[in-house]
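Data first, discussion second: the structure below is written as structure tokens.
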Amino acid sequence: MAWRLRRGLARRRKWALAAQAWLWRGHIKRLREVHTYHTPLDLVRERSPERPVALARPGVVAVAARWFQDKFQGDVFYAVKANPSPWVIKTLAKAGVTAFDVASIPEIELVAKYAPGARMAFMHPVKSRKAIAEAYRDYGVKTFALDTHEELQKILEATGGAQDLTLIVRLAVQAEGASYSLSGKFGVDLHEAPSLLLAARRATQDRMGVSFHVGSQCMRPTAYQAAMAQASRAIVRAGVVVDVVDVGGGFPSIYPGMIPPDMDDYFDSIQRGFAEMMVTEDCELWCEPGRALVAEASSILTKVELRKGDAIYLNDGSYGSLFDAAHVKWPFPVKLYRGEGRGAQEVDGALKPFRFYGPTCDSLDHMPGPFWLPEDVREGDYVEIGMLGAYGVAMNTRFNGFGDAETVAVEDAPMASMFGLAGRSIRLPREEQAEERKVVRLSRPKGAAGKKRRKR
Ligand SMILES: Cc1ncc(COP(=O)(O)O)c(C=O)c1O
């Protein structure tokens, strides 16, 4: 056991060193149109920005992409919805990602522009006829997801009865361990799946497959194996041969209070699940990670407009990059910077829990946190909110005239990393306090006080 642990640690350390070398060797050249600062503090020193600034770490995306390509034993489709920024698409393409999961014509246009020649899979199970026709005719998209007979018919009609389609039937699987459930809206019920699988099999001369989504930020690697067993039963009941098994997204990142198991455990679970499935030797394995490839790679630099007790009013909020902080109540990690010019510094010291309000007039623009900041945080300070690369900038709106964050690149490490670029945990001061209390409770005071307690 200890040997396995040591071997695992050594392997992870080796990978982390290689990853860092990749990052710092400048394998991904600076993106010319995005200004680069060494660190967010340098940005504060040089610019004292008045508007929120999205901080992009292209090297971090490149490392995550290489990790997936090296270790996932199948094809990796990046789920564009997680972060459709041009710098992300370009970086992934440069790092060798050649396949993208798209959900709309604007996403297809983005990929065509920034990753020309890449393979695209239109994985939204409900599409307009116009979008299907345009994707097939103008962009050469051949892979389409569906979860109803009606959608299958729509795809066949909108492509003029094309016979070169890869048709992927999205299944609704029972999965546990996701922090963000995606069940309910999409996926054919497993009882109804066999007839749809059969219809899809008959509808194409080319490939046909199954997909599912275990839910986003999945904290349980075995959820994949369990979902694959359900998919396998549906395939057997339908009596069809499938060419593709697509395990979807759901691969996690690190947030305060949410430290997932190693990414290797997820890939091991998928390999075990795949080996147990009733599929032929040449069946392809696909995945569609969104969050895991980009979450670490971006943070947002915001400015404090006002403090009222434990409420901090920022210039970005739930209508900007902080949707998940407001609506899913995730307490993202934070850093504080203060001052101007060369005198600006990162501030530390005793921490206190704060909540945030965004800049709009809507009272829903509230992020409860807790966000742990130095207790003297005040107007004019800058708060960097980390781990916002997934479903952060993608959710930005212009409501109330806010939300036009600019993007700059930075070269520092993310606040936490699944890929060896930083620590694997973000501990909350509350957890540390609880642990200190545990230590006090467990250890008996020495001398007379200890004896007295033992008698009681
Ligand atoms: C079809 C599909 N694939 C992949 C993803 C990406 O999921 P995640 O970001 O959890 O990896 C999503 C997210 O909604 C999705 O709907």
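Results, tabulated for the structure shown:
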quantity: DSSP beta bridges in the chain [antiparallel fraction, %, rounded to 5]; calculated: 45 percent
quantity: Per-q log10 I(q)/I(0), the chain, q = 0.06, 0.07, 0.13 Å⁻¹ (Debye; single scatterer per alpha-carbon; no solvent); calculated: -0.30, -0.40, -1.19
quantity: Bridge type composition, region 58-294 - antiparallel percent by DSSP, nearest 5; calculated: 10 percent
quantity: Helix-only mean residue ellipticity at 222 nm for the chain, each DSSP H run of n ≥ 4 adding -39500 (n - 2.57), per residue, nearest 500; calculated: -10500 deg cm²/dmol
quantity: Length released on extending from residue 192 to residue 48, taking residue separation times 0.36 nm less the Cα-Cα span; calculated: 46.0 nm
quantity: Residue among 132, 287, 92 farthest towards the positive dipole end of region 58-294, charges placed on Cβ; calculated: 132
quantity: Global form of region 58-294, assessed from the alpha-carbon gyration tensor, a/c cut-off 1.5; calculated: oblate
quantity: Distance (nanometres) between label positions extended 7 Å along Cα→Cβ at residue 340 and residue 398; calculated: 3.0 nm
quantity: Inter-label distance, nm, simple model (7 Å from Cα along the C-beta direction), residue 34/residue 282; calculated: 4.0 nm
quantity: Using θ = phi - 60° and Karplus 6.51 cos²θ - 1.76 cosθ + 1.60, couplings along region 106-115 (whole Hz; Gly, Pro as x); calculated: x, 5, 5, 4, 4, 5, 4, 6, 9, 9
quantity: R0 of 25 Å, Cβ-Cβ distance residue 271-residue 69: FRET efficiency to nearest 0.05; calculated: 0.95
quantity: FRET efficiency estimate (nearest 0.05) - Cβ-Cβ, residue 352 to residue 134, R0 51 angstrom; calculated: 0.45
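Taken together, the values in this text are just the output of simple stated rules run on the coordinates, not laboratory data. No experiment lies behind these values; they were computed from the predicted model shown. Because the Cβ atoms are built from the backbone with ideal geometry, glycine has one as well, and the counts that use them run over all protein chains shown.
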